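First comes the structure, then the notes that go with it.
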Amino acid sequence: MNSRKYWIVMACAMLTTLACSTSKGPEPGAGGARPRFVFISNSNSPFWDAVRVGLDNAAKEFNVEVELMRNDGSTGGQIRRLEQVGAQREVKGVMVSVVEPSASGIIDQMKSLRAKGVHVIAVDSDGPMESREAYIGTNNLEAGRNLGKAAAQLLPQGGKVIAFVGIRSAQNAQERVNGFKEGAGAKIQVIDVMEDSSDVNKARRNVAAALQNHRDVKMLVGIWSYNAPAIVDEVKAAGKRSKLKLVTFDAEPNTLLALKDGMLDVTAVQNPYRMAYLGVKVLKAMVDGDQPGVTSVVGENGIKDTGVRLVVPDDSKTVTSEFLVRFSDFKKDLDAKGLTSS
Amino acid sequence: MSSPNILGGQRAWRSFLGTQEFGLTLANLIAWGIILALDPQHNFASLDSARLLLREGVLLGILAIGAAIVIIAGGIDLSVGSVIAFTGVVCALLLRAFGGESLAAHQALPFWILLTSILLTLVTGLLVGAFHTLLVVKLDLPPFIATLGTLAGLRSLAKVLSNDAKIPANNDAFRALYTIWWVPTLILVFVLLATALLMRRTKVGRHLYALGGNEEAARLSGLSVGQLKLIAYSTAALLSTVVGILYAARQGQGDAESAVGYELSAIAAAVVGGCNLRGGIGTVGGTVLGVTFLTIVVNGIANVIKVDSTQWEGLVMGIVLILAVAVNRFRKEKD
């Protein structure tokens, strides 16, 4: 085989791969006229499955195309995806869950998209105001406060607490941790916030290390969604459930199982489905020049808080809150939307 | 009757048509054309897309040239991604150390601070290359193991130095190293010319091929194997450091978690470009064409597959890589 034949074979293989894979995309002829939006996540976890359902349902309802690009948790990965999107002329709107608001590379790309006329909104994790037109997501500070109040009820005598998170400097992580501290009060001391760089295996190692090195710790706090299953598994393996209070954010499938079995005391659940749905709705209104439609969702200040619920096991009696939901009721709500996580 | 000059020219042209470089150039054009045709919006025809390909290709290109030189010399460097993260953090720390409050306040930094920080970072990269050579030559460790050690170790050291935090390098002049599109392009052109000259026109280059082809024979021929390995590993580490600096400029921060898995992309590009992992075979030009091919294919996936494109990147890259290695092997056996 000479080199020309070699490259022809390679080109054919690539063509076949691309041709096969396009079968998963939109139907021929259906994509041309519809606006195309892209959602760039900050990391990859089951949390984004609920976002996916919200995007798909909204895409059908508002007659748009939406792609979910799952980032690998890195700043560089998000910059690359933003650059890629910037080179796709058909993309009219972008939703970004910002990995790090302090990373100027990300913010520059968001500004660059806006300068090209692409509508950019932050969803789930906010960026600086100049980088986006609106923010839709949880008021993470408030969510942290509510979880902190629940923590104070679970540990009325106070004690040492360790928190676990993917990236400490992420806006939502900072706000959740700070809110938790505020809500929990002075008796509860957060002695460490352990970072795992969105590496689930490291998240587990962090929990194991914390259990070994801080035998007097009274509570573990999972800040990002995958931290909850990591905490539950390691605590179960160490046989320390009875000595520890476990509070987390979000509801991955394994977190729901843990709640059902009483392996978690409380989890603060956002509404990723609603974030994604409203994100598409707002972008569609922006593309259509429908300012009242935009304002109806994000108000004059361009911010929409999608709220938080505190989910507890069915037999929980310690935690009281206006946002409290029992596991069975929460599960029914998820099933009704076809979701397996939130 | 044809003149000797014309006949010579025809022979040279026919000879070029049979080279790997010609095949790669053709493959690049075919891949670009296929993606352009399959994309309903024809994004590959836009200036934005050209800039994207250039930016993506430049970083990978500089890396892959370093990887190719080590592979040609019969070694392998698995530490590339960690060197990028480590040197990016070192550069950001140096900028912070020299720039102090000016950097924090996002003010302009004196030129000497930028130059000193960059030069010291490059020296750090050279030391990493020298360390690799020490492990491979003096301790007689297999290159795979030596660089696997630094793959893990340097990233960890970057975390220690940065205390697991992102180190801001948010200075406009520094960031211009990446944000002004022609600056990294110029760096790649310089690296390409310098390394192509080294490998094709110098005694050192020929000796590196000889070393990769048969290390024992090279040693018996009186070549200084240790010095040649020092050149190969130091060049690779230096070029990874250049990318580390550009990467810090791209992100506006030194990040110990950045560039995970880049070593595989660099090696893949070198292999697609014709380098043989057993050493002694490959060219700098071919490697750069391998880089452009991978860059076109990987970035083109998002243009063709409009939904969930990221899921397909690894599969397409894997197919291209396996085909490249398989066909190279087939060609070698036939030759």
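The values are calculated or read from the model by the stated rules, or taken from the named source; none is laboratory data. What you see is a predicted model; the values in this text were computed from it and never measured. Positions of Cβ are generated from backbone atoms using ideal geometry, with glycine treated the same way; all protein chains shown enter the neighbour counts.
On the basis of being within 14 Å of another protein chain (Cβ to nearest Cβ), of a type outside the set (D, E, K, R) and in contact (Cβ under 8 Å) with a residue 40 or more places away in the chain, does B:S162 make the cut?
Taking the combined requirement at face value, the residue satisfies it.
B:A268 versus (1) closer than 20 Å to B:S240 by Cβ; (2) small (G, A, S); (3) within 13 Å of chain A (Cβ to nearest Cβ): which is the lone unmet condition?
(3)
Checking A:G77 against (1) in contact with a helix residue (DSSP H, G or I) (Cβ under 8 Å, 6 or more places away or on another chain); (2) within 13 Å of another protein chain (Cβ to nearest Cβ), which single condition isn't satisfied?
Just one mismatch for A:G77, condition (1).
Looking at A:A230, A:A237, which is the one that is over 16 Å from A:V308 (Cβ atoms), crowded, with 16+ Cβ neighbours inside 10 Å and aliphatic (A, V, I, L, M)?
A:A230
Out of (1) at pLDDT 90 or above; (2) hydrophobic (A, V, I, L, M, F, W, C); (3) crowded, with 20+ Cβ neighbours inside 10 Å, what's the single condition that is false for B:I301?
(1)
Residues B:G279, B:G286, B:G212: which one is within 14 Å of chain A (Cβ to nearest Cβ) and of a type in the set (G, A, S)?
Unique residue meeting the criteria: B:G286.
Conditions: (1) touching a Lys or Arg at 6+ places or on another chain (Cβ under 8 Å); (2) closer than 29 Å to B:G254 by Cα; (3) within 12 Å of another protein chain (Cβ to nearest Cβ); (4) crowded, with 20+ Cβ neighbours inside 10 Å. A:F39 meets all but one. Number of the miss?
(1)
Which one of B:A68, B:A92 is within 13 Å of chain A (Cβ to nearest Cβ) and touching a Gly at 6+ places or on another chain (Cβ under 6 Å)?
B:A92
Mind telling me which of the residues B:A165, B:A104, B:A146, B:A85 ends up being crowded, with 23+ Cβ neighbours inside 10 Å and either modelled with pLDDT under 90 or in contact with a Lys or Arg (Cβ under 7 Å, 6 or more places away or on another chain) (or both)?
B:A85
Among the residues that make up the range A:65-72, is at least one of them at the interface with another protein chain (Cβ under 10 Å from one of its Cβ atoms), in contact (Cβ under 8 Å) with a residue 60 or more places away in the chain, assigned to a loop (DSSP other than H, G, I, E, B) and not hydroxyl-bearing (S, T, Y)?
Yes: one or more hits.
Out of B:I301, B:I245, which single residue is within 11 Å of chain A (Cβ to nearest Cβ) and in contact with a helix residue (DSSP H, G or I) (Cβ under 6 Å, 6 or more places away or on another chain)?
Step by step, each of B:I301, B:I245 is checked, and only B:I301 is within 11 Å of chain A (Cβ to nearest Cβ) and in contact with a helix residue (DSSP H, G or I) (Cβ under 6 Å, 6 or more places away or on another chain).
Do we find a residue being farther than 21 Å from B:P168 by Cα, part of a helix (DSSP H, G or I) and more than 10 Å from chain B (Cβ to nearest Cβ) anywhere in the range A:85-93?
No: zero hits.
Residues of the range A:218-238 being of a type in the set (A, V, I, L, M) and touching a helix residue (DSSP H, G or I) at 6+ places or on another chain (Cβ under 7 Å), which ones?
Those that are of a type in the set (A, V, I, L, M) and touching a helix residue (DSSP H, G or I) at 6+ places or on another chain (Cβ under 7 Å): A:M219, A:L220, A:V221, A:I223, A:A228, A:A230, A:I231, A:V232, A:V235, A:A238.
Restricting the first residue to the range A:211-229 and requiring it to be closer than 17 Å to A:M263 by Cβ, which pairs with a second residue that is at pLDDT below 90 and of a type in the set (D, E) meet a Cβ separation below 9 Å and a spacing of at least six or different chains?
A:S225/A:E252; A:Y226/A:D196; A:Y226/A:E252; A:N227/A:D196; A:A228/A:E252; A:P229/A:E252
For the range A:163-187, which residues satisfy the criterion of being buried (at least 24 other Cβ atoms within 10 Å of the Cβ) and under 19 Å from A:L244 (Cβ atoms)?
Selection gives A:A163, A:F164, A:V165, A:F180, A:A184.
Only one of A:G137, A:G144, A:G93 is modelled with pLDDT of 95 or more, crowded, with 24+ Cβ neighbours inside 10 Å and under 30 Å from A:L324 (Cα atoms). Can you tell me which?
Among A:G137, A:G144, A:G93, only A:G144 is modelled with pLDDT of 95 or more, crowded, with 24+ Cβ neighbours inside 10 Å and under 30 Å from A:L324 (Cα atoms).
Considering the range B:238-251 alone, what residues qualify as being small (G, A, S) and either out of contact with any strand residue (DSSP E or B) (no Cβ under 7 Å at 6 or more places or on another chain) or closer than 21 Å to B:V204 by Cα (or both)?
Selection gives B:S240, B:G244, B:A249.
So for the range B:123-138 (the condition being part of a helix (DSSP H, G or I), out of contact with any Ser or Thr (no Cβ under 7 Å at 6 or more places or on another chain), among the hydrophobic types (A, V, I, L, M, F, W, C) and under 21 Å from A:G76 (Cα atoms)), does at least one residue qualify?
Checked the range B:123-138: no residue is part of a helix (DSSP H, G or I), out of contact with any Ser or Thr (no Cβ under 7 Å at 6 or more places or on another chain), among the hydrophobic types (A, V, I, L, M, F, W, C) and under 21 Å from A:G76 (Cα atoms).
Taking into account only those residues within the range B:37-52 that are more than 7 Å from chain A (Cβ to nearest Cβ) and surrounded by fewer than 18 Cβ atoms within 10 Å (Cβ to Cβ), which is farthest from B:V316 (Cα to Cα)?
B:L47
Hey, among B:G273, B:G282, B:G254, B:G290, which residue is at pLDDT 90 or above, surrounded by 24 or more Cβ atoms within 10 Å (Cβ to Cβ) and touching a strand residue (DSSP E or B) at 6+ places or on another chain (Cβ under 7 Å)?
One residue alone meets the criteria, B:G254.
B:I30 is checked against (1) more than 28 Å from A:R36 (Cβ to Cβ); (2) surrounded by fewer than 24 Cβ atoms within 10 Å (Cβ to Cβ); (3) of a type in the set (V, I, T) and fails just one. What number does that condition carry?
(1)
Out of the range A:100-134, which residues are in a helix (DSSP H, G or I), surrounded by fewer than 19 Cβ atoms within 10 Å (Cβ to Cβ) and of a type in the set (G, A, S)?
Within the range A:100-134, A:S112, A:A115 meet the criteria.
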